[in-house]
Structure formats: structure tokens, C-alpha cells
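Have a look at the structure below, then the notes.
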Amino acid sequence: MVHMTSTPPRWAVRAAHLCALVTLPTGIWRLLLATGHTAGYTDAGYAGMDFTGWGAGYVLGLSVVSEAVALLSLGLVQPWGEVLPRWIPLWGGRPLPRFAVVVPAALGAVVLTVVWSPLVAWWALPHPDLTAHGSIVVGLLYLPLAAWGPLLGAVTVSYHRRRADVNPTVPSIITP
């Protein structure tokens, strides 16, 4: 059985779960688009976006990848984020180096914050391809993404602090 270095704070566990949840509304909306629903677009706007064929595959893939990346935040509060599961060939059972987890998570938090923060100004911008109701609904569906980066950043700091006491001489997957 794998034990964590210490138990993550309850707020960090909740924040990690929220990271996984904030991508769901937009993912569901994209699935509607891929299945032929205008989902708030005007008919001309929907036709212009071309959500058929490769366009449908793109929005489906974007939804799956977004949710998969968001689910990785759970590793910051779960044992598999500290020690790889034994079933993984060659590296299973080895501890993950703290910075091999913290650096990508911190960079991800910064990128997500930069990319999604402008959504707080959604209603100040014109959206001619969306209906009036569609603009409101799409804004509300995308607004949770503005919290993704800060939530991930907070969980990353918690992970880093918890793992700071780990003995640096413990073998990891990077050492041969």
C-alpha cells in the first residue's frame, strides 16, 4: 500500500475536485455542438463554425483532453501523485520527484489563468454569432474556467509544501 507524505488539507482536496468539475459545463456544451445542436449559435454562426466532420471531432477531442488534463489535478491530493502505481511497467512503485510534478502543474496554472481570465469580461464583448440568450448561456458555461488556473495554483502550492519534507535521497523515476 502506498502512503502519502502527509494528508492534504480538506480545502486542497475540494479545490482539486473543483478543477475537474469546472471543465464539465463547456465540455457538455461542445458535445451538443458536435451532435448538431446550435447550442446558442445563430444558424449562420453555427454553419460558419463548421461543427461537422473534422470540426465535430475537434470539439469532441477538445472536451476529452480538457477533462483529462483537469482530472490530473486530483494527483496533487492522491497517493498516485506522489508514488506511481505498481501496475505501471518499469517505474511502478517509485516516488515521483516533487519538481517533476510541481513545475508542470505551476506552469499549467499560470497558462490557464492567462487564457481563461479574460472570460470575466465576456459580457462586455459583442458576440454576433450567438443569439442573445446563447451569449448569456455560453458566458455562464465558460465562466467557471476562469477559476481553473487559480484553483490549480492553490492545490499545487499545497502539494509542494506537503512534499517539501520528503527525503531527497529517496530513489525516483528520474534516477536510473
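Brief remarks follow.
- Looking across region 44-72, just one residue is modelled with pLDDT of 90 or more, of a type outside the set (A, V, I, L, M, F, W, C) and open to solvent by 60 Å² or more (accessible area, probe 1.4 Å), and that is 58.
- Search result, residues across region 103-142 that are open to solvent by less than 80 Å² (accessible area, probe 1.4 Å), touching a residue at least 60 places away in the same chain (Cβ under 8 Å) and in a helix (DSSP H, G or I): 134, 135, 137, 138, 141, 142
- So residue 92, is it under 30 Å from residue 128 (Cα atoms), free of Cβ contacts under 8 Å to residues at least 60 places away in the same chain and open to solvent by less than 80 Å² (accessible area, probe 1.4 Å): no
- Counted residues, region 31-40 - those being open to solvent by 30 Å² or more (accessible area, probe 1.4 Å) and either over 19 Å from residue 64 (Cα atoms) or assigned to a loop (DSSP other than H, G, I, E, B) (or both): 4
- Yes/no for residue 36 being touching a helix residue (DSSP H, G or I) at 6+ places or on another chain (Cβ under 8 Å), without any contact (Cβ under 8 Å) to a residue 24 or more places away in the chain and more than 26 Å from residue 150 (Cα to Cα): no
- Failed item, numbered, when residue 10 is tested on (1) at positive phi; (2) free of Cβ contacts under 8 Å to residues at least 60 places away in the same chain: (1)
- Among the residues making up region 3-22, those that are among the β-branched types (Val, Ile, Thr) and modelled with pLDDT of 95 or more are 13, 22.
The values are calculated or read from the model by the stated rules, or taken from the named source; none is laboratory data. It should be emphasised that the depicted structure is a prediction, and the values quoted were computed from it without experimental measurement. Every residue, glycine among them, receives a Cβ derived from its backbone with ideal geometry; neighbour counts consider all protein chains shown. Ligands, DNA and RNA are excluded from the accessible area calculation, which covers all protein heavy atoms including side chains. Shrake-Rupley method; radii C 1.70, N 1.55, O 1.52, S 1.80 Å.
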